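So the structure is just underneath, and the comments pick up after that.
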Amino acid sequence: MPATRKTLLLVEDEAVIAITEKFALERYGYSVLHVTTGEKALEIVETNPEIELILMDIDLGTGIDGTQAAETILESHDIPIVFVSSHSEREVVEKTEKITSYGYVLKSSSITVLDASIKMAFKLFDARKQVQKRSDELYERTQLLENILEHFPGSVFWKDTASIYQGCNTGFALAAGLGCAADIVGKTDFDLPWKSKEAAAYRADDSQVISTQLSKLHIEETQHQSDGIIHWYDTSKIPLFDSCKHVIGVLGVATDVSEKKRQETHLRKLILAIEQSPTTILITDINGSIEYVNPKFLELTGYSRDEVMGKNPRILKSDTTPPSIYPELWNTIKDGGIWKGIFRNKRKDGSLYIEEALIAPVTDENGKQIAYIAVKEDITERERILGELHESNARYRQMLDSQ
C-alpha cells in the first residue's frame, strides 16, 4: 500500500465498475475522486490541484471520449494518466500511447494489477521529472557557459588532439573572418587567415600541451587577421580531459594586447629618447627627492645613480645662485606653472657649471601633482663665450672712448 495517501481521479461512466474500483483503490490506501464524463474530468482537474494521477476510461458516453479528455488535460497539466478500458485492439492501445505512456490496463484486470500499474506510472512520472530537472539544469548551465563565452573580452577556442577546431566563441570567429562560431568546426589553423608560420607555431604549442598534459600560459604571439591587421595576443592553453583522464584536446583563451604592445613600444621609445637626450633630465617626487636622472645628468655632475637617488637636488647647489630663485621656483611649480631660469651649480668634484632649466609639475589623470620634472641644458661654454665677448666689447668701447 502507498506510504502516503495519493489522490487519484477515476473517470468512469459505468456506475458499478466505478463503485467497485473506487472501493478497491481506497482499500489500497488511495484517495479517489470520481466523475462520469470527460467534460467533468476537465472541470475537476482545474479545481482540484491535489489530483496526482488520472485513471481514464476511453468510452464515456455521448460527450468527449477519454482520449480527447486526456489530450485536453495534458495541454495545461503535467500529470500521469493511465487508461483503463475494455478495449484490447492494437489500434486503440497505440492511439493512447501517442497521447501518454504511463500505462494501459484492461478493465478485466485485478486490483493487484491496477495497483501495480498505478505505482509504475508514479515511478515513471517521478523518473521523467528527475530527467527533466537534470535536463533543465544542464540547459541552464549550458546557457550560462554560452553567455560567459560570448561576453568574454577575448577569444576562446578548443581543438581535438589533431589540432582541429571543435568550437569557439564569437570573438574568435570574427577574428578568423567567419560568419559564426559554428563555422570553425573541422577547420585547422592553416584554413584561417593567419600566416603559415603563425599557424605552425600555434599547432606546435597545441602539441606540447597535449603531449605533456601541462598548461602553457601567457604566450605572446602575433596573428594576421581577416582585417589585414597584425594583432598581438596573450594566449594561454590548457589540456582537456575526458572522464577517464585521457587528453582529448586543448582549450585556448587569448586576449588582444595589441594596444598594450603599442603603448610598450611607445614607452620604450620615450625611455630611449630620455636616456639618450643631450640635455639633463631629472625627476623628483612631490617632496623633491630624486627618483630618476638620465645618463647626461650623471656625465655632467660626476655623480653615480646610487649617489643621487632619494637625495634632494640641493646637493648641486652652490653659493653663486641667488637664494631668491628657490622660493620663486617652488611657488611657481606648486601652483601648476612652469619655471624657467638659470642655476650656477656645483659638480661632485666641486667645479662649477651653469645650466638653463625648465621645471614643471607632473599630474595624474585627476590633475593631482605626483612628481616634478626638470629639463636642463649645460650653458657653461655659452656663458663663457658671451662673457668673453662682453669683455671684448667693453675693451673696444674703452679704446674708442680714449681716442
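Every read-out reported here was derived from the displayed coordinates using simple, explicitly stated rules and does not represent laboratory data. Remember, it's a predicted structure, so these values are computed and weren't measured experimentally. For neighbour counting, all protein chains shown are included, and Cβ atoms are generated from backbone atoms with ideal geometry for every residue, glycine included.
Key figures
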item	result
Using a Förster distance of 45 Å, the FRET efficiency for SER108-GLN143 (Cβ separation, nearest 0.05)	0.35
Radius of gyration and Dmax over the Cα atoms of the chain, both given in Å	44.8, 157
Scattering curve values for the stretch 198-271, log₁₀ I(q)/I(0), Debye with Cα scatterers, q = 0.11, 0.17, 0.18 Å⁻¹	-0.37, -0.71, -0.76
Restraint check, LYS260/LYS317; LYS269/LYS376; LYS95/LYS119; LYS311/LYS368, Cα-Cα greater than 32 Å	LYS260/LYS317
The chain: angle of helix 38-47 to the longest principal axis, Cα-based, in degrees nearest 10	40
Neighbour-count order for VAL156, VAL84, VAL16, fewest beta carbons within 10 angstrom listed first	VAL16, VAL156, VAL84
GNM result for the chain, Cα springs below 10 Å: residue of GLU259, GLU220, GLU26 fluctuating most strongly	GLU26
Crossing angle, helix 380-402 versus the chain [Cα axis fit, 0-90 degrees, rounded to tens]	30
FRET efficiency, 1/(1 + (r/R0)^6) with R0 41 Å, evaluated for ASP126 and VAL16 via beta carbons	0.80
Binned Cα-Cα distance frequencies in the stretch 277-386 - 5 Å width, integer %	2, 12, 22, 26, 21, 11, 4, 1, 0, 0
Sites matching GluC sites (Glu not before Pro) across the stretch 327-403 that sit in DSSP coil, with at most 16 neighbouring C-beta atoms within 10 Å	GLU365
Prolate/oblate/rounded label for the stretch 1-107 (Cα gyration tensor, a/c 1.5)	rounded
Whole-angstrom gap from the stretch 337-378 to the stretch 216-281, using each part's C-alpha centre	37
Relative contact order %, the stretch 138-202, counting alpha carbon pairs below 8 Å whose residues are six or more apart	22
Average projection area in nm² (convex hull over Cα atoms of the stretch 91-227, one quarter of hull surface)	14.2
Zone residues, the stretch 245-265, relative to LYS187, backbone N less than 17 Å from point 7 Å out along Cα-to-Cβ	252-254
Sparsely packed trypsin sites (Lys or Arg not before Pro) within the stretch 179-275, loop by DSSP, other Cβ within 10 Å at most 14	LYS195, LYS245
Using a Förster distance of 22 Å, the FRET efficiency for LEU386-SER318 (Cβ separation, nearest 0.05)	0.70
Cα pair distances of the stretch 152-262 binned at 5 Å [whole percent]	2, 13, 23, 27, 20, 9, 4, 1, 0
